[in-house]
Amino acid sequence: MKGFAMLGIGSTGWIEKEAPKCGVFDAICRPLALSPCTSDVHTVWAGAIGERHDMILGHEAVAEIVEVGSLVKDFKPGDKVIVPAITPDWGSLEAQGGYSMHSGGMLSGWKFSNFKDGVFGELFHVNEADANLAHLPNGIDLAAAAMLSDMVPTGLHGVELADVQFGDSVVVIGIGPVGLMSVAGAVLRGASHIYAVGSRPNCIEIAKEYGATNIINYREGDIVDQIMEETKNKGVDKIIIAGGDVDTFDQAIRMLKPGGRIGNVNYLGEGDYVKIPRTDWGCGMGHKTIAGGLMPGGRLRMEKLVSLITTNRLDTSKLITHKFNGFEKVEDALMLMKDKPKDLIKPVVII
């Protein structure tokens with residue numbers, strides 16, 4: 001089969017590979033819609049998770065099942081499915097301990113384009129199909145559904161990690177597609193003031209549509225100064241980090257109230273250390289909590305999230321700015337994510 005792969009750090013290309021084999025609990029799928037991610041960019045061009053050779057990229061897909069294992073109960077060939085980016089091993093001790101995304105070791109629930117071939121192939125393998133796939137309801141646009149693989153669960157997990165509650169004031173740092181889903185999730189959780197940090201006009205407009213009450217443009221001054229001015233030097237209750245770099249934590253700590261909580265879902269692709277300002281962290285005793293986590297995967301999670309679309313609680317189509325048609329356009333879509341033109345939020349390839 002053909003696939004678009006990471007050939008090595010800084011290098012990508014089309015390759016031919018043997019088609020994946022189906023285990024008794026597993027499924028083989030062919031993609032119907034694909035979307036590249038900034039994580040793919042970090043993986044290839046920053047070498048964020050180390051060297052990978054001839055590894056097919058991609059972890060965001062809506063697909064059709066072509067084969068299932070003999071012990072799969074709830075899925076069959078021809079079914080259209082949502083494929084989460086994270087596909088845990090549900091019998092692992094880590095999953096039993098409540099952290100399925102780390103089944104088999106830290107971040108090991110993230111299999112696609114990490115240590116096994118991803119979804120940018122003519123066929124791809126999904127482990128534990130009954131636990132890791134979700135049926136795609138009729139009538140949902142394929143491009144909008146593709147956002148459920150990663151953008152929606154990651155953005156909403158930032159809200160969970162920050163533990164946003166009714167009436168909380170919230171800062172969302174970074175309003176790309178993940179941050180925009182964090183804005184939407186904070187609204188669903190009952191936040192009051194939502195300060196969206198970003199500069200691109202289209203992202204700002206969509207952030208407002210999702211419920212941001214204030215826009216903080218980092219090109220117009222230090223975001224800490226802007227937040228402290230907006231809050232009369234009180235700071236905010238919760239912060240979601242969906243963009244930035246290792247220095248962003250310094251800013252987040254300085255604008256957070258004592259007793260506040262930071263939820264980080266940003267993939268830190270570069271840098272050796274996260275910087276925490278000692279005195280602003282209360283010399284280690286300020287009750288300013290930092291929680292960073294990989295999104296949960298699995299069937300139940302996907303079924304709950306797709307229900308937000310079918311009940312009109314969430315419109316993911318607003319994230320999609322570029323559509324391509326044809327499997328061969330995967331490369332173009334990924335390079336668009338790498339180059340990040342000003343009008344880009346999220347590209348999707350329809351196959």
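The values are calculated or read from the model by the stated rules, or taken from the named source; none is laboratory data. Since the model is a prediction, treat every value here as computed from it, not as a measurement. Cβ atoms come from the backbone with ideal geometry, glycine included; neighbour counts cover every protein chain shown.
Restricted to the range 1-25, and to residues that are of a type in the set (Phe, Trp, Tyr) and crowded, with 19+ Cβ neighbours inside 10 Å, which residue is farthest from LEU123 (Cα to Cα)?
Of everything passing the filter in the range 1-25, PHE25 is farthest from LEU123 (Cα to Cα).
Pairs only if they're at least six apart or on different chains, beta carbon under 9 angstrom, first in the range 25-37 and under 15 Å from ALA134 (Cβ atoms), second in a strand (DSSP E or B) and not hydrophobic (A, V, I, L, M, F, W, C); list them, first residue then second.
ALA27/GLU67; ALA27/HIS125; CYS29/GLU64; CYS29/GLU67; CYS29/HIS125; LEU32/GLU64; LEU32/LYS80
Give me the residue from the range 34-70 that is of a type in the set (Gly, Ala, Ser) and at pLDDT below 95 and, out of that set, nearest to GLU328 (Cα to Cα).
Within the range 34-70, the match that is nearest to GLU328 (Cα to Cα) is SER39.
Considering only the range 291-309, I want to know if a residue exists there that is over 16 Å from PRO153 (Cβ atoms) and either free of Cβ contacts under 8 Å to residues at least 40 places away in the same chain or polar (S, T, N, Q) (or both).
No, the range 291-309 contains no residue that is over 16 Å from PRO153 (Cβ atoms) and either free of Cβ contacts under 8 Å to residues at least 40 places away in the same chain or polar (S, T, N, Q) (or both).
Provide a single number: the residues in the range 309-340 that are assigned to a loop (DSSP other than H, G, I, E, B), under 16 Å from SER35 (Cβ atoms) and of a type outside the set (Gly, Ala, Ser).
1
Go through the residues of the range 267-287 one by one and say whether even a single one is in contact with an Asp or Glu (Cβ under 9 Å, 6 or more places away or on another chain) and polar (S, T, N, Q).
No, the range 267-287 contains no residue that is in contact with an Asp or Glu (Cβ under 9 Å, 6 or more places away or on another chain) and polar (S, T, N, Q).
Only one of TYR273, TYR210 is among the hydroxyl-bearing types (Ser, Thr, Tyr) and either buried (at least 22 other Cβ atoms within 10 Å of the Cβ) or within 20 Å of ASP168 (Cβ to Cβ) (or both); which?
Going through TYR273, TYR210 in turn, just one is among the hydroxyl-bearing types (Ser, Thr, Tyr) and either buried (at least 22 other Cβ atoms within 10 Å of the Cβ) or within 20 Å of ASP168 (Cβ to Cβ) (or both): TYR210.
Kindly indicate which of SER39, SER103 is over 22 Å from LEU319 (Cβ atoms) and among the small types (Gly, Ala, Ser).
None of the others qualify; the one that does is SER103.
When you look at THR279, is it of a type outside the set (Lys, Arg) and in the same structural domain as ASN114 (by TED's automatic domain parsing), yes or no?
Spelling it out, it is not the case that THR279 is of a type outside the set (Lys, Arg) and in the same structural domain as ASN114 (by TED's automatic domain parsing).
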